[in-house]
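K.L.:
First the structure, then my questions, so here it is.
The values are calculated or read from the model by the stated rules, or taken from the named source; none is laboratory data. Owing to the predicted nature of the structure, the values given are computational and were not obtained by experimental measurement. Don't worry about glycine lacking a Cβ; one is built from the backbone with ideal geometry, like all the others, and counts go over all protein chains shown. Quick note on the areas: whole protein, heavy atoms, side chains included, nothing else; ligands and nucleic acids left out. Shrake-Rupley method; radii C 1.70, N 1.55, O 1.52, S 1.80 Å.
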Amino acid sequence: LGNTGFPWLGAGTILGIPVSIFMLIVLGIAAWYLATRTPLGRHIYAVGGNERAALLSGVRVNRVKMLVYMFSGFCSAIAGLIITSQLVASHPATGFMFELTAIAAAVLGGTSLAGGRGSISGTIIGAFVIGVLGDGMVMMGVSTFWQQVIRGIVIVAAVVVDQFQRDLQSKAAVQEN
């Protein structure tokens with residue numbers, strides 16, 4: 001009680017941009033820079049692609065994994081603060097099934113579940129697609145159960161397309177040799 005600044009995080013604006021969008025932009029740019037312009041980013045892709053090969057190449061796999069989990073936890077904490085601020089309340093089950101939405105966004109954005117491939121911009125585009133899909137289902141009056149089923153179908157379809165693409169690439173590589 002008496003804390004008047006916290007709701008600003010979820011409903012405030014900076015230069016006419018909602019604070020949550022501003023934070024998305026800042027974290028997205030930071031993640032993009034980290035993934036594409038630093039040695040740590042190359043190490044992250046190496047560990048994701050083949051952990052054993054990265055280890056044999058001299059990458060400190062445990063340190064890379066720890067840093068990735070730390071960054072992921074930081075981003076999750078920021079998201080939790082924003083959602084709590086938007087709702088002006090908290091409940092332990094508020095983020096239930098958010099991980100499914102995050103996985104769907106990443107896979108739709110081109111991230112391979114097998115690892116070693118993906119991009120920050122693709123994941124953000126995938127998040128927008130999932131958001132529009134979810135909002136559309138709410139506007140159509142689809143029940144929450146069927147919304148989860150449809151999201152699951154979208155994930156399965158994206159994984160099937162990813163596997164099909166990997167098979168085509170491996171066959172093309174074999175034919176070149």
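K.L.:
Answer with yes or no whether R151 is under 30 Å from F22 (Cβ atoms), in contact (Cβ under 8 Å) with a residue 24 or more places away in the chain, outside any helix (DSSP H, G or I) and of a type outside the set (G, A, S).
P.N.:
Details: under 30 Å from F22 (Cβ atoms): yes; in contact (Cβ under 8 Å) with a residue 24 or more places away in the chain: yes; outside any helix (DSSP H, G or I): no; of a type outside the set (G, A, S): yes.
No: the conditions fail for R151.
K.L.:
Sticking with this one: Quick check: anything in region 56-66 more than 22 Å from F128 (Cα to Cα), of a type in the set (V, I, T), modelled with pLDDT of 90 or more and not in a loop (DSSP other than H, G, I, E, B)? Outline the logic, then answer.
P.N.:
Of region 56-66, the ones more than 22 Å from F128 (Cα to Cα) are 56-66.
Those still in the list that are of a type in the set (V, I, T) too: 59, 61, 64.
Next, only the ones that are modelled with pLDDT of 90 or more stay: 59, 61, 64.
Pick out the ones that are also not in a loop (DSSP other than H, G, I, E, B) and you get 61, 64.
Yes: one or more hits.
K.L.:
List, please: which pairs have Cβ atoms under 7 Å, are six or more places apart or on different chains, and start with a residue in region 122-145 that is more than 28 Å from W32 (Cβ to Cβ) and end with one that is surrounded by 10 or more Cβ atoms within 10 Å (Cβ to Cβ)?
P.N.:
Matching pairs, first to second residue: M137/Q147; M137/I150.
Residue-by-condition table, conditions (1) closer than 29 Å to V149 by Cβ; (2) open to solvent by 50 Å² or more (accessible area, probe 1.4 Å):
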site	(1), (2)
L9	no, no
P18	no, yes
T38	no, no
A46	no, no
R52	no, yes
A79	yes, no
I83	yes, no
A89	yes, yes
S112	yes, no
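K.L.:
Of all residues in region 79-124 being hydroxyl-bearing (S, T, Y), outside any helix (DSSP H, G or I) and over 17 Å from the mean Cα position of the chain (by Cα), which is nearest to A53 (Cα to Cα)? Even if it seems obvious, please write down each step before you answer.
P.N.:
Let us first name the residues in region 79-124 that are hydroxyl-bearing (S, T, Y), namely 84-85, 90, 94, 101, 111-112, 119, 121, 123.
Next cut, outside any helix (DSSP H, G or I) only: 90, 94, 111-112, 119.
Checking the rest, the ones that are also over 17 Å from the mean Cα position of the chain (by Cα) come to 90, 94.
On the way: S90: 43, T94: 39 Å.
That would be T94.
K.L.:
So which pairs qualify, if the first residue must be in region 10-24 and part of a helix (DSSP H, G or I), the second must be open to solvent by 70 Å² or more (accessible area, probe 1.4 Å) and among the aromatic types (F, W, Y), the Cβ gap must be under 8 Å, and the two must be at least 6 apart or on different chains?
P.N.:
V19/W8
K.L.:
Among the residues of region 54-65, which ones are under 24 Å from S119 (Cα atoms) and open to solvent by 100 Å² or more (accessible area, probe 1.4 Å)?
P.N.:
R60, N62, R63 - these are the residues of region 54-65 that are under 24 Å from S119 (Cα atoms) and open to solvent by 100 Å² or more (accessible area, probe 1.4 Å).
K.L.:
Sticking with this structure for a sec: Looking at (1) in contact (Cβ under 8 Å) with a residue 12 or more places away in the chain; (2) open to solvent by 80 Å² or more (accessible area, probe 1.4 Å); (3) part of a helix (DSSP H, G or I), which is the only condition M70 fails?
P.N.:
Unmet condition: (1).
K.L.:
State all residues of region 126-177 that are of a type in the set (V, I, T) and either open to solvent by less than 80 Å² (accessible area, probe 1.4 Å) or in contact with a strand residue (DSSP E or B) (Cβ under 8 Å, 6 or more places away or on another chain) (or both); if no residue qualifies, say none. Explain how you work it out, then say what you get.
P.N.:
The first filter runs over region 126-177 and keeps only residues of a type in the set (V, I, T), leaving 129-130, 132, 138, 142, 144, 149-150, 153-156, 159-161, 174.
The answer is V129, I130, V142, V149, I150, V154, I155, V159.
K.L.:
Could you go through region 11-19 and let me know if any residue there is of a type outside the set (S, T, N, Q) and within 17 Å of I124 (Cβ to Cβ). Show your work before the answer.
P.N.:
Let us first name the residues in region 11-19 that are of a type outside the set (S, T, N, Q), namely 11-12, 14-19.
Okay, now just the ones that are also within 17 Å of I124 (Cβ to Cβ), so 17-18.
Looking through region 11-19, at least one residue is of a type outside the set (S, T, N, Q) and within 17 Å of I124 (Cβ to Cβ).
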